[in-house]
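S.K.: This is the structure, below, for whatever I ask next.
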Amino acid sequence: MIRSLEISSSALTAQRVRLDVIAQNVANAEVTRQADGTPVPYRRRMALFAAGDGKGGPGVHVAEVAADPAPFKSRYDPTHPDADARGYVQMPNVSFTMEYVDALSASRAYEANAAMVSVTRSMIQQ
């Protein structure tokens, strides 16, 4: 029973990290410069999961938070300070639709694992 709790709790942690990454993507969806001022747009991040914890433990963990290799978007805005000579600005490769779908998926997975923890605790108490 304890192993079931460990598995569900690792999934809760992984999904929380995934939701944090999604929130970071949404917050930076219009950022066209790096923190140091370099005119390179924000690149979408993704939480990549892996089984186990590398030490033989059960569950899932976030193996890494990787950058999405998808190309940047271009938007015509000649008044933008980062516009090129033709008036186009490179925008982050963040899609609000994709982030919304990912957030729904992560939220439902989180809820399912929270319910599993609750059921397992009830079984342990009995």
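The values are calculated or read from the model by the stated rules, or taken from the named source; none is laboratory data. Since we're looking at a predicted model, the values are computed, not measured. Ideal geometry is used to build each Cβ from the backbone, glycine not excepted, and the neighbour counts take in all protein chains shown. These area figures cover heavy atoms from the full protein model, side chains too; ligands, DNA and RNA do not enter into them. Shrake-Rupley method; radii C 1.70, N 1.55, O 1.52, S 1.80 Å.
S.K.: Can you tell which of 88, 76 is surrounded by 15 or more Cβ atoms within 10 Å (Cβ to Cβ), touching a residue at least 12 places away in the same chain (Cβ under 8 Å) and either farther than 30 Å from residue 125 by Cβ or not β-branched (Val, Ile, Thr) (or both)?
M.R.: Within the list 88, 76, the selection yields 88.
S.K.: A further question on this structure: When residues of the range 41-70 are filtered for being open to solvent by 50 Å² or more (accessible area, probe 1.4 Å), over 20 Å from residue 111 (Cβ atoms) and free of Cβ contacts under 8 Å to residues at least 40 places away in the same chain, how many remain? Lay out the reasoning, then the answer.
M.R.: Filtering the range 41-70 for residues open to solvent by 50 Å² or more (accessible area, probe 1.4 Å) gives 43, 45-46, 48-49, 51, 53-56, 61, 63-65, 67, 69.
Filter once more, keeping what is over 20 Å from residue 111 (Cβ atoms): 43, 45-46, 48, 51, 53-56, 63-65, 67, 69.
If we keep only those that are free of Cβ contacts under 8 Å to residues at least 40 places away in the same chain too, we end up with 45-46, 48, 51, 54-56, 63-64, 67, 69.
Qualifying residue count, the range 41-70: 11.
S.K.: Consider residue 23 carefully, then state whether it is assigned to a loop (DSSP other than H, G, I, E, B), within 23 Å of residue 101 (Cα to Cα) and among the small types (Gly, Ala, Ser).
M.R.: In short, no.
S.K.: For the structure I just gave you, tell me whether residue 112 is assigned to a loop (DSSP other than H, G, I, E, B) and open to solvent by 50 Å² or more (accessible area, probe 1.4 Å). Outline the logic, then answer.
M.R.: Numbers: assigned to a loop (DSSP other than H, G, I, E, B): no; open to solvent by 50 Å² or more (accessible area, probe 1.4 Å): yes.
No; evaluated as a whole, the condition is false for this residue.
S.K.: For the range 1-28, give me each residue that is open to solvent by 70 Å² or more (accessible area, probe 1.4 Å), under 20 Å from residue 95 (Cβ atoms) and in contact with a strand residue (DSSP E or B) (Cβ under 9 Å, 6 or more places away or on another chain).
M.R.: 20, 24
S.K.: Could you check how many residues of the range 29-39 are surrounded by 14 or more Cβ atoms within 10 Å (Cβ to Cβ) and either out of contact with any helix residue (DSSP H, G or I) (no Cβ under 9 Å at 6 or more places or on another chain) or assigned to a helix (DSSP H, G or I) (or both)? Before you say what the answer is, go through the steps one by one.
M.R.: Going through the range 29-39, the residues surrounded by 14 or more Cβ atoms within 10 Å (Cβ to Cβ) turn out to be 29, 31-32.
Subset that is either out of contact with any helix residue (DSSP H, G or I) (no Cβ under 9 Å at 6 or more places or on another chain) or assigned to a helix (DSSP H, G or I) (or both): 31-32.
Total satisfying the criteria: 2.
S.K.: So how many residues does the range 91-109 have that are open to solvent by 90 Å² or more (accessible area, probe 1.4 Å) and either over 27 Å from the mean Cα position of the chain (by Cα) or under 28 Å from residue 31 (Cβ atoms) (or both)?
M.R.: Quick first cut of the range 91-109, residues open to solvent by 90 Å² or more (accessible area, probe 1.4 Å) only: 96-98, 100, 108.
Now drop any that are not either over 27 Å from the mean Cα position of the chain (by Cα) or under 28 Å from residue 31 (Cβ atoms) (or both), which leaves 96-98, 100.
Of the residues in the range 91-109, 4 are open to solvent by 90 Å² or more (accessible area, probe 1.4 Å) and either over 27 Å from the mean Cα position of the chain (by Cα) or under 28 Å from residue 31 (Cβ atoms) (or both).
S.K.: Further question on the same structure: From (1) over 17 Å from the mean Cα position of the chain (by Cα); (2) modelled with pLDDT of 90 or more, pick out the condition that doesn't hold for residue 49.
M.R.: (1)
S.K.: I need the full set of residues from the range 102-126 which are of a type in the set (S, T, N, Q) and touching a residue at least 24 places away in the same chain (Cβ under 8 Å), in order please.
M.R.: From the range 102-126, those of a type in the set (S, T, N, Q) are 105, 107, 113, 118, 120, 122, 125-126; that's our starting set.
Hits for the range 102-126 are 107, 113, 120.
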